[in-house]
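For reference, the structure discussed in these notes is given below.
The values are calculated or read from the model by the stated rules, or taken from the named source; none is laboratory data. Just so it is clear, the structure is predicted and the values come from calculations on it, not from any experiment. All Cβ positions, even for glycine, are placed from backbone atoms using ideal geometry, and neighbour counts span all protein chains on display. Side chains included, ligands, DNA and RNA excluded: accessible areas come from the protein's heavy atoms. Shrake-Rupley method; radii C 1.70, N 1.55, O 1.52, S 1.80 Å.
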Amino acid sequence: MWYGHAEQYEQQIGPLDRLHKQLQEKGIEVPAVSLYTDFVSQDERQSEQNVLKALNAARQLHSPLIRVFAGNLPSHRTSPEKWQSAVGQFQKAAWLADDYEVNIGLEIHYDTYADTPEAALAFLEDVGHPRLRTIFDGSNLHVNHIDQLAALEKLFHTVSHVHLKSYHWNFDNWYVSKPTPVCQGDLDQEHFLKELMNRQYEGFVSLEYFGDQAAAHIKESLTEIEHFFNK
């Protein structure tokens, strides 16, 4: 759940514990409260305030983690000073998260400090706090020609959440790439799901789609996944 929607609910309807009760009645859980905070684009005070608000929302919604990003440049293009500044802010965020008993989920994403398995592991090591986990997204790695199964091998011990989607990706012009239902794009997501099962992954898997066709892609993806599990 994007934090902006949680905030809107609080402002227009009421406390989030009421929303949690409504979701429970429908058998729905909130796997993550999502921020777009990257600890670089905003000043430190604003980033910390955003984290605190999301942690509070996550606790009320009984969500296990909040989603954040690290930086707004590819890992190989950032300066050591910016990297270290982000590390320090993540350490503070992780200490705050301890008080809320909620994890910090660092999304694996192109054009960030966690754009490769190696960069993500280096960042986690520098932060050095068990509250910092990863959100695995193989499509975000595919953009840079990184094989998601090889990446999962390296990152699995850090993964607390998985984003699942697929595209027909245009490597020459990213913005004309076409999203598809999960089993129809460039990535072999059935193989990926089998690998998660083989590794006895117990966390959440979220379908992540945007735009006018998002609902249709999610609906068809759910049908494909149901068919996969019924084979």
query = Could you give every pair whose Cβ atoms fall below 7 Å, whose first residue belongs to segment 73-91 and is in contact (Cβ under 8 Å) with a residue 24 or more places away in the chain, and whose second residue is exposed (fewer than 15 other Cβ atoms within 10 Å of the Cβ), counting only separations of at least 6 or pairs across chains?
reply = Q89/E44
inquiry  = Can you tell me how many residues within segment 11-57 are open to solvent by 40 Å² or more (accessible area, probe 1.4 Å) and closer than 26 Å to K92 by Cα?
reply    = 13
key: Single unsatisfied condition, S177 versus (1) farther than 30 Å from F90 by Cα; (2) in contact with a Ser or Thr (Cβ under 9 Å, 6 or more places away or on another chain); (3) open to solvent by less than 50 Å² (accessible area, probe 1.4 Å)   = (2)
Number of positions in segment 90-124 that are over 19 Å from K165 (Cα atoms) and either small (G, A, S) or surrounded by fewer than 21 Cβ atoms within 10 Å (Cβ to Cβ) (or both) = 16
key: Which listed residue, of L187, L207, is under 13 Å from H142 (Cβ atoms) and either among the hydrophobic types (A, V, I, L, M, F, W, C) or open to solvent by 60 Å² or more (accessible area, probe 1.4 Å) (or both)   = L187
note = Of the residues in segment 30-59 that are touching a residue at least 40 places away in the same chain (Cβ under 8 Å) and not in a helix (DSSP H, G or I), the one that is farthest from the chain's Cα centre (by Cα) is V40
ask   = Does segment 103-146 hold any residues that are in a helix (DSSP H, G or I), in contact (Cβ under 8 Å) with a residue 24 or more places away in the chain and not aliphatic (A, V, I, L, M), and which are they?
value = P117, E118, F123, D126, G138, S139, N140, H142
inquiry  = Restricting to segment 125-149, name every residue that is closer than 18 Å to P80 by Cα and open to solvent by less than 50 Å² (accessible area, probe 1.4 Å).
reply    = V127
